[in-house]
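To keep things clear, I will list the structure first and then write my remarks on it.
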């Protein structure tokens with residue numbers, strides 16, 4: 001399996017660079033890291049409220065982008081999101097794609113090995 005890791009990593013990286021879910025996750029992680037690295041936090045109510053409102057707007061945009069891709073009705077407000085809403089598990093979907101890539105690479109290698117063995121057998125018979 002080690003021989004496939006490099007190829008699997010390339011395919012995975014190419015997919016997540018284009019995947020809106022992973023792009024959004026990376027943006028969220030960047031914001032989280034910036035906030036974690038702050039030296040201070042404002043105690044001013046208006047500033048904190050503005051930051052929270054900005055977070056809600058960003059989350060609403062992210063959810064509406066997902067709903068648009070899925071052909072669902074867009075939300076007007078983050079509070080309209082159903083309490084039982086669960087976002088799709090894009091990590092699981094990517095894991096499935098990686099597993100499918102591994103199966104394809106393994107099958108390709110097995111076919112190549114079988115062809116090599118057939119050639120070796122033909123050469124052995126000729127001797």
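Going by the structure shown, is residue 5 under 26 Å from residue 98 (Cβ atoms), in a helix (DSSP H, G or I) and in contact with a helix residue (DSSP H, G or I) (Cβ under 7 Å, 6 or more places away or on another chain)? Walk me through how you get there before you give the answer.
Working: under 26 Å from residue 98 (Cβ atoms): yes; in a helix (DSSP H, G or I): yes; in contact with a helix residue (DSSP H, G or I) (Cβ under 7 Å, 6 or more places away or on another chain): no.
So residue 5 fails the test.
Looking at the range 27-43, can you tell me whether even one residue there is within 30 Å of residue 2 (Cβ to Cβ) and part of a helix (DSSP H, G or I)? Quick ask: steps written out before the conclusion?
Initial filter on the range 27-43 (within 30 Å of residue 2 (Cβ to Cβ)): 29.
Restricting the remaining residues to those that are part of a helix (DSSP H, G or I) gives 29.
Looking for residues that are within 30 Å of residue 2 (Cβ to Cβ) and part of a helix (DSSP H, G or I), one finds at least one in the range 27-43, hence yes.
Yes or no: residue 61 loosely packed, with under 12 Cβ neighbours inside 10 Å, over 25 Å from residue 2 (Cα atoms) and free of Cβ contacts under 8 Å to residues at least 60 places away in the same chain? Please lay out each step first, then the result.
Working: loosely packed, with under 12 Cβ neighbours inside 10 Å: no; over 25 Å from residue 2 (Cα atoms): yes; free of Cβ contacts under 8 Å to residues at least 60 places away in the same chain: yes.
Judged against the criteria, residue 61 is not a match.
Could you check how many residues of the range 81-103 are surrounded by 12 or more Cβ atoms within 10 Å (Cβ to Cβ) and part of a helix (DSSP H, G or I)?
8
Exactly one of (1) part of a helix (DSSP H, G or I); (2) out of contact with any helix residue (DSSP H, G or I) (no Cβ under 8 Å at 6 or more places or on another chain) is unmet by residue 76. Its number?
Unmet for residue 76, out of (1) part of a helix (DSSP H, G or I); (2) out of contact with any helix residue (DSSP H, G or I) (no Cβ under 8 Å at 6 or more places or on another chain): (1).
We did not get these values from a lab; they are worked out from the coordinates using the rules stated. Since we're looking at a predicted model, the values are computed, not measured. Glycine gets a Cβ as well: all are built from the backbone with ideal geometry, and neighbour counts include every protein chain shown.
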